[in-house]
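This report refers to the structure that appears directly beneath it.
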Amino acid sequence: MRPLVKFHRFVASAPPPERADRAAGGTIPTRAFRYCEAVTTASALGWYVYAPLPFRLLFDGDEVGWNCPAFEGFIPLSRAAQFPYLSAKFDTIAPAWAKGFCPPLLASLREPGVVQIWSGLFARTRANYSLLVRAPANQPRSRGYEHYEGIVESDRWFGPLFTNIRLTRTDYPVSFAPSDPLFMVQPIRRELTSSVALNSMATSEVGDFTEQDWLDFRNTVVSRNERGCPIGEDATKRRKRAASEIRTARDDDGASESLCVCPTAL
């Protein structure tokens, strides 16, 4: 069976993509990892994509410079920069009509501090699937840059798999390492991005709840909060006891409270 996504490496030294993990690289709180399925499922939905080499960017508020182990100092990124020595190698492999069209590693966009970074990969997905390109889910963000998100119709468009970032720190180098995920790609059915699908929504009031809605509310909210609560315990005592249990759990394992604590328990 054809894989959902196939990655093609143009840069032999580029780390292969990896399936994202439920612990978000070991960065989420222990209680969230143990008890919050919503967080762990979101963390694992997709694949990590890495930088093809270590490099640094330096933004002075107007122009961007870049540096990598192949040379010393920072070179102005006036328009685009190639992966070191890749262009010549590409021309020896590519057919005649493709020579000279090796994708650049970096490209400086029109907006100040905005840079496009190529992963060294191409990607192709199964029919009717696109790829959402975004920052790695639930991982701490760098203070030096922010990701732009984008959706690529990767079953139709066979091109470089890249991300766009906006540098947010000036006059200090921002480092990128192949050991850390540069961005994340997540599969999306194309019909979910259409106006037909996104316009299919409705809003109701609590007074419109059906009997099934109330049964679901009982199972997901009431039962969870009543579990372990003595019969007749008033709301004030319940809130104090719940808060005490959370503090105790936090003190015991040194982690923050579960991200799935229902607000009514507090």
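Numerical summary
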quantity	calculated
Yes/no for Gly113 being of a type outside the set (Phe, Trp, Tyr), at pLDDT 95 or above and either surrounded by 14 or more Cβ atoms within 10 Å (Cβ to Cβ) or on the phi > 0 side of the Ramachandran plot (or both)	yes
Selection status of Phe55, more than 27 Å from Pro17 (Cβ to Cβ) and either free of Cβ contacts under 8 Å to residues at least 12 places away in the same chain or surrounded by 14 or more Cβ atoms within 10 Å (Cβ to Cβ) (or both)	no
Tally of residues being closer than 29 Å to Leu4 by Cα and assigned to a loop (DSSP other than H, G, I, E, B) across the range 67-125	8
So Phe33, is it touching a residue at least 12 places away in the same chain (Cβ under 8 Å) and of a type outside the set (S, T, N, Q)	no
Flag for Arg2 being among the charged types (D, E, K, R) and modelled with pLDDT under 95	yes
Tally, over the range 133-143, of residues that are free of Cβ contacts under 8 Å to residues at least 40 places away in the same chain and either within 11 Å of the chain's Cα centre (by Cα) or surrounded by 15 or more Cβ atoms within 10 Å (Cβ to Cβ) (or both)	2
Index of the failed condition, Pro69 passing every other in (1) touching a Leu at 6+ places or on another chain (Cβ under 6 Å); (2) closer than 30 Å to Arg19 by Cβ; (3) surrounded by fewer than 18 Cβ atoms within 10 Å (Cβ to Cβ)	(1)
Enumeration of residues in the range 172-202 that are part of a loop (DSSP other than H, G, I, E, B), among the hydrophobic types (A, V, I, L, M, F, W, C) and surrounded by 11 or more Cβ atoms within 10 Å (Cβ to Cβ)	Ala177
Neighbours by Cβ (under 8 Å, 6+ apart or cross-chain): first from the range 114-132, farther than 19 Å from Ala14 by Cβ and touching a residue at least 60 places away in the same chain (Cβ under 8 Å); second outside any loop (DSSP other than H, G, I, E, B) and of a type in the set (Ser, Thr, Tyr)	Ser130/Thr193
Residue selected from the range 144-171 under the condition farther than 16 Å from Val115 by Cβ and crowded, with 18+ Cβ neighbours inside 10 Å, by the criterion farthest from the chain's Cα centre (by Cα)	Ser154
Residues of the range 1-57 satisfying the condition of being more than 28 Å from Arg156 (Cα to Cα) and in a strand (DSSP E or B)	Phe55, Arg56, Leu57
Residue, nearest to Val64 (Cα to Cα), within the range 126-168, restricted to residues that are among the basic types (Lys, Arg) and assigned to a strand (DSSP E or B)	Arg166
Yes/no for Ile151 being at pLDDT 95 or above, in contact with a strand residue (DSSP E or B) (Cβ under 6 Å, 6 or more places away or on another chain), farther than 30 Å from Pro76 by Cβ and of a type outside the set (Phe, Trp, Tyr)	yes
Number of positions in the range 84-110 that are under 23 Å from Asp155 (Cβ atoms) and either touching a Leu at 6+ places or on another chain (Cβ under 8 Å) or surrounded by 14 or more Cβ atoms within 10 Å (Cβ to Cβ) (or both)	1
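Residue-by-condition table, conditions (1) under 18 Å from the mean Cα position of the chain (by Cα); (2) surrounded by 20 or more Cβ atoms within 10 Å (Cβ to Cβ); (3) of a type in the set (Gly, Ala, Ser):
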{"site": "Tyr35", "(1), (2), (3)": "no, no, no"}
{"site": "Ala42", "(1), (2), (3)": "yes, no, yes"}
{"site": "Val64", "(1), (2), (3)": "no, yes, no"}
{"site": "Ser78", "(1), (2), (3)": "no, no, yes"}
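The values are calculated or read from the model by the stated rules, or taken from the named source; none is laboratory data. Keep in mind it's a predicted model, so treat the numbers as computed, not measured. Cβ sites come from the backbone with ideal geometry, for glycine too, and all protein chains shown count toward neighbours.
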